[in-house]
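What follows is one structure encoded as structure tokens, with my remarks underneath.
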Amino acid sequence: MAGAIASRMSFSSLKRKQPKTFTVRIVTMDAEMEFNCEVLDHDVSKEEPVTFHFLAKFYPENAEEELVQEITQHLFFLQVKKQILDEKIYCPPEASVLLASYAVQAKYGDYDPSVHKRGFLAQEELLPKRVINLYQMTPEMWEERITAWYAEHRGRARDEAEMEYLKIAQDLEMYGVNYFAIRNKKGTELLLGVDALGLHIYDPENRLTPKISFPWNEIRNISYSDKEFTIKPLDKKIDVFKFNSSKLRVNKLILQLCIGNHDLFMRRRKADSLEVQQMKAQAREEKARKQMERQRLAREKQMREEAERTRDELERRLLQMKEEATMANEALMRSEETADLLAEKAQITEEEAKLLAQKAAEAEQEMQRIKATAIRTEEEKRLMEQKVLEAEVLALKMAEESERRAKEADQLKQDLQEAREAERRAKQKLLEITTKPTYPPMNPIPAPLPPDIPSFNLIGDSLSFDFKDTDMKRLSMEIEKEKVEYMEKSKHLQEQLNELKTEIEALKLKERETALDILHNENSDRGGTSSKHNTIKKPQAQGRRPICI
């Protein structure tokens with residue numbers, strides 16, 4: 001039933017059948033369940049239907065170590081995300097943007113610019129309203145900054161993105177703290193905070209920084225009588241702290257939270273039971289199986305992309321070859337036309353050269369005939385000499401023109417020869433293109449898998465995995481390596497957060513800052529409050545909150 005309820009973080013609708021007795025009907029994606037339950041000591045609304053929220057009562061210190069099953073991690077992620085968006089857990093603006101990017105990665109998978117276009121987060125609730133109202137920024141500006149971080153989370157599966165979300169959320173000051181209104185012996189109003197690390201006393205105006213802290217390992221005894229609560233530290237030099245709450249029922253709830261958190265605090269510092277060890281081993285095996293499945297899918301995706309790229313390249317080459325063949329045909333046609341024109345022009349030039357040579361011969365004959373003619377008078381002689389001179393000049397010009405035409409005819413013959421040679425080469429290239437194969441075999445032999453990857457045997461519709469001890473050792477080493485790399489990335493992550501904070505600081509509306517915003521900024525100016533787990537700010541420390549009196 002736990003799996004069915006967990007498959008959909010839903011609420012249950014209830015109908016009142018008789019006083020203090022209810023029929024609970026749980027609707028999930030897998031099934032519908034109905035059972036009877038009796039409400040004993042709770043104030044149940046008389047309105048129907050009544051809605052119950054299934055929430056975690058005790059928060060883990062280290063979500064990565066304590067949330068073994070993936071479905072538990074997913075439900076707890078939804079709960080913490082809801083509390084941050086409802087501002088029950090204070091989150092700084094820059095950290096809110098980072099958490100939103102991991103929430104988007106968990107929901108949408110890897111960022112794809114062709115799919116996740118501008119405006120795809122318009123209907124998503126990703127940031128607390130307090131953060132949105134604090135800055136003069138449009139939804140598009142917030143989406144741009146969330147998407148920039150979202151794109152950096154490529155390759156993370158849903159469970160990994162949710163765990164990264166929880167690692168950051170568990171460092172927030174109000175994470176996992178249950179607050180109760182109390183009064184000390186002097187009647188001063190205070191807040192009691194109960195969480196996985198101990199008891200904390202707060203000023204009602206400051207829920208971020210406790211005035212006094214009592215870690216569980218430094219508390220000797222907790223008791224209450226009527227409405228008075230007593231905390232006795234181990235160190236007898238420290239005074240006993242007493243306070244009163246408003247109702248006896250509140251005292252009972254405080255005591256239940258103290259007993260449960262203290263028991264979990266001590267249990268976390270002991271060796272895991274056999275049952276927990278088996279659960280963690282199964283979770284590691286399941287994680288290894290999923291990781292190997294993701295690797296297999298990644299390889300198949302890579303091979304499919306390579307095959308598509310090969311197909312696209314072949315289509316591109318085929319198109320290019322078709323274009324080359326078309327161009328070769330056009331060049332061949334142009335060469336044939338040029339050759340025909342050159343041949344016709346050469347023939348005309350040759351005929352003109354013959355005609356000019358004939359005219360030159362006739363002029364020479366005319367000159368000889370004129371010379372032979374006797375000129376009887378001086379005037380006729382002078383005129384004859386002038387005509388002879390003109391005839392000689394004309395004959396010289398005719399000879400030069402004839403020689404030029406002959407050279408031009410020779411040049412045209414040479415051009416014709418070159419055109420025919422170009423035509424021959426174009427025909428040969430066209431023949432080579434048309435005879436070349438267009439497609440290589442479309443079923444390339446897949447590259448052999450690396451020797452360190454376990455083999456997968458696919459038979460029919462079933463998939464069998466072959467795990468070896470060496471594979472598990474290698475995966476364990478990879479997990480350890482990832483931890484070291486995460487610690488190195490944390491510094492870069494803090495730098496990114498500071499950069500985003502500086503970038504949006506100019507758009508902040510100071511008059512809209514809440515009391516928690518002002519307190520958080522003051523703590524940051526003083527050097528920052530010490531986080532409970534320090535996932536972002538520094539490596540995880542073994543020490544806990546000190547007693548501050």
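A few remarks follow.
- Solvent-accessible surface of the range 68-168, averaged per residue with a 1.4 angstrom probe and all protein chains in place: 44 square angstrom.
- Largest to smallest in accessible area, the residues Lys252, Lys237 fall in the order Lys237, Lys252 (1.4 Å probe, all protein chains included).
- Within the accessible area of the range 176-269, the carbon and sulfur atoms contribute 48%, probe 1.4 Å, all protein chains present.
- Three-way shape call for the range 218-355 based on the alpha-carbon gyration tensor, with the a/c threshold at 1.5: prolate
- Asp235/Thr514 FRET efficiency (R0 41 Å; Cβ-Cβ; nearest 0.05): 0.65
- Probe 1.4 Å - accessible area at Arg311, Å² to nearest ten: 110 Å²
- Candidate cross-link partners of Lys280 among the aspartates and glutamates, defined by an alpha-carbon separation under 16 Å and a same-chain spacing of 8 or more, comprise Glu64, Glu65, Glu66, Glu70, Asp159, Asp272, Glu480.
- Remark: relative contact order (the range 176-269) = 23 percent; criterion is Cα-Cα distance under 8 angstrom and separation of 6 or more residues.
- For the range 278-433, accessible area per residue (1.4 Å probe, heavy atoms of protein chains only), Å²: 75 Å²
- Over 23 Å apart at the Cα level, from the set Lys88/Lys232; Lys81/Lys501; Lys82/Lys247; Lys57/Lys242; Lys57/Lys290, are Lys88/Lys232; Lys82/Lys247; Lys57/Lys242; Lys57/Lys290.
- Charge-dipole axis of the range 263-354 as Lys and Arg at +1 and Asp and Glu at -1 on Cβ define it, positive-most pick from Ser273, Leu297, Leu332: Ser273
- Three-way shape call for the range 176-269 based on the alpha-carbon gyration tensor, with the a/c threshold at 1.5: rounded
- Column: log10 I(q)/I(0), Debye, Cα scatterers of the range 68-168, q = 0.12, 0.14 Å⁻¹: -0.37, -0.50
- Shape class for the range 278-433, computed from the alpha carbon gyration tensor (a ≥ b ≥ c): prolate, with a/c not under 1.5 and a/b above b/c.
The values are calculated or read from the model by the stated rules, or taken from the named source; none is laboratory data. Worth saying up front: this structure is predicted, and the values here are computed from it rather than measured. In this analysis, Cβ positions are derived from the backbone assuming ideal geometry, glycine residues included, and neighbour counts consider all displayed protein chains. Accessible surface is based on the protein model in full, side chains and every heavy atom, while ligands, DNA and RNA are left aside. Shrake-Rupley method; radii C 1.70, N 1.55, O 1.52, S 1.80 Å.
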